[in-house]
Amino acid sequence: MTDLKGALIGCGFFAVNQMHAWNDVEGARIVAICDRDPERLKTVGDQFGIERRYSDAEALFSDGRFDFVDIATTVQSHRPLVELAARHKIAAICQKPFAKSLADAKAMVEACQNAGIPLMVHENFRWQAPIQAVRKALEENAIGVPFWGRFSFRSGYDVFSGQPYLAAQDRFIIEDLGIHTLDIARYILGDVRAVTARTKRVNPKIKGEDVATILLDHQSGATSIVDVSYVTKLSREPFPETLIELDGSDGTIRLTPGYQLEVTNARGTHTLDVSPKLLSWASRPWHNIQESVYAIQQHWVDQLKRGGEHSTSGADNLKTFALVEAAYDSAAGHLTVDVEAMLR
Ligand SMILES: NC(=O)c1ccc[n+]([C@@H]2O[C@H](COP(=O)([O-])OP(=O)(O)OC[C@H]3O[C@@H](n4cnc5c(N)ncnc54)[C@H](O)[C@@H]3O)[C@@H](O)[C@H]2O)c1
């Protein structure tokens, strides 16, 4: 079977990871790129040897000759670009956060369904090797039925150095980072009925919140806490590790710093090193995220070829995105938000 041809829109900070990963993915290659910033277009085009370059997405789609589009721009452009892909009936990947609002995200899913094209959100965190290892342990029934969980990302890493636009956003940590942690909570403990959240801004130099504590009532009856912070100074900086605690009817799972997976059950306690691979183009500490970028993009191609549903399809991601909106609504109104009602 010949390789699928892809076009990438948005040649910024994170897209470089996606371009490296496309080089490694089997069954697809990038044939065209687009960015309205000529300097970024040239830098990425030269680095990855891409001849077809566009400053305008309409022109890219009019020229066609590709099978899918990878939208790696920031959130403001996601809805118009996904709708453009739908009009041209081109399968689309869209970076997270999926949209500016749940209403926009629902409209994007509907546009792609009506056009009959696959849509996947580039929600890569669940594809991290340590997260996959936690899921596998649960599937192997290592701790029985989980009834409680904690999904934690607490860091003092200067995320603004690579992504300065984050400091100016009204909504910061839940929309940018917590969205991943909430997706992991769903992936591990299932869909959510209700959300209760509290937020705080500690760093006075930024506009949005940089601390959030979110309580999730899962449909299974389990309860979990998603806690995220970008102002937590620890003796050992854990960025970008998500730490997990799970209590089940027959044991416990702990994903601890340094990618150690500890499982305790009737057979005793077993610790496994679940460190991500350091890919040839990756660099620490980002290698965990970089490996997951490769994994999700390989999954995109594999499922496209076999006509299967993507793990983080647009429809799936509505259920993660609803948790983001619910968390902001809950924090603003000091109330518990019914997530199922938001999705109806
Ligand atoms: N999953 C992760 O781990 C992760 C990490 C970082 C960023 N991200 C996400 O990646 C996305 C991009 O973030 P970034 O930090 O690379 O942003 P960035 O600002 O560095 O890059 C975005 C690029 O898109 C271009 N662009 C924007 N709108 C366009 C349009 N309509 N047509 C053509 N080009 C357009 C800009 O000129 C810019 O070069 C964000 O949504 C962010 O949340 C994900």
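The values are calculated or read from the model by the stated rules, or taken from the named source; none is laboratory data. Just so it is clear, the model here is predicted, and its values are computed rather than measured. With ideal geometry, Cβ positions are generated from the backbone for all residues, glycine too; neighbour counts draw on all protein chains shown. Areas reflect the complete protein model, heavy atoms only, side chains present, ligands, DNA and RNA absent. Shrake-Rupley method; radii C 1.70, N 1.55, O 1.52, S 1.80 Å.
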*Would you call H122 crowded, with 23+ Cβ neighbours inside 10 Å and closer than 30 Å to G307 by Cα?*
no
*Just to be sure, is E51 more than 10 Å from the ligand (Cβ to nearest atom), free of Cβ contacts under 8 Å to residues at least 60 places away in the same chain and touching a helix residue (DSSP H, G or I) at 6+ places or on another chain (Cβ under 6 Å)?*
no
*Is at least one residue of region 209-232 buried (at least 20 other Cβ atoms within 10 Å of the Cβ), touching a Ser or Thr at 6+ places or on another chain (Cβ under 7 Å) and farther than 27 Å from P164 by Cβ?*
yes
*Counting just the residues of region 139-167 that are among the aliphatic types (A, V, I, L, M) and without any contact (Cβ under 8 Å) to a residue 60 or more places away in the chain, which one comes out farthest from the ligand (Cβ to nearest atom)?*
A167
*Inspect all residues belonging to region 237-255 and state whether any of them is open to solvent by 40 Å² or more (accessible area, probe 1.4 Å), aliphatic (A, V, I, L, M), touching a strand residue (DSSP E or B) at 6+ places or on another chain (Cβ under 6 Å) and assigned by TED's automatic domain parsing to the domain that holds H334.*
yes
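Per-residue answers, yes or no, for (1) within 8 Å of the ligand (Cβ to nearest atom); (2) in the same structural domain as Q169 (by TED's automatic domain parsing); (3) open to solvent by less than 10 Å² (accessible area, probe 1.4 Å):
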{"site": "F13", "(1), (2), (3)": "yes, no, no"}
{"site": "N23", "(1), (2), (3)": "no, no, no"}
{"site": "D35", "(1), (2), (3)": "yes, no, no"}
{"site": "Q47", "(1), (2), (3)": "no, no, no"}
{"site": "V109", "(1), (2), (3)": "no, no, no"}
{"site": "C112", "(1), (2), (3)": "no, no, yes"}
_Against the definition (among the β-branched types (V, I, T), more than 9 Å from the ligand (Cβ to nearest atom), open to solvent by less than 30 Å² (accessible area, probe 1.4 Å) and assigned to a helix (DSSP H, G or I)), how does V31 come out, yes or no?_
no
*Looking at (1) farther than 30 Å from P238 by Cβ; (2) part of a loop (DSSP other than H, G, I, E, B); (3) within 15 Å of the ligand (Cβ to nearest atom); (4) not aliphatic (A, V, I, L, M), which is the one condition that is false for P97?*
(1)
*Filter region 306-344 for residues that are among the small types (G, A, S) and not in a helix (DSSP H, G or I); which is farthest from D183 (Cα to Cα)?*
G307
*Residue under evaluation L60, criteria (1) open to solvent by 10 Å² or more (accessible area, probe 1.4 Å); (2) over 30 Å from E325 (Cβ atoms); (3) not small (G, A, S); (4) not in a loop (DSSP other than H, G, I, E, B), criterion not met*: (1)
_Would you confirm, using the coordinates I've provided, whether R267 is without any contact (Cβ under 8 Å) to a residue 60 or more places away in the chain, surrounded by fewer than 14 Cβ atoms within 10 Å (Cβ to Cβ) and on the phi < 0 side of the Ramachandran plot?_
yes
*State whether one or more residues within region 68-83 are free of Cβ contacts under 8 Å to residues at least 40 places away in the same chain, within 15 Å of the ligand (Cβ to nearest atom), closer than 27 Å to A282 by Cβ and assigned to a strand (DSSP E or B).*
no
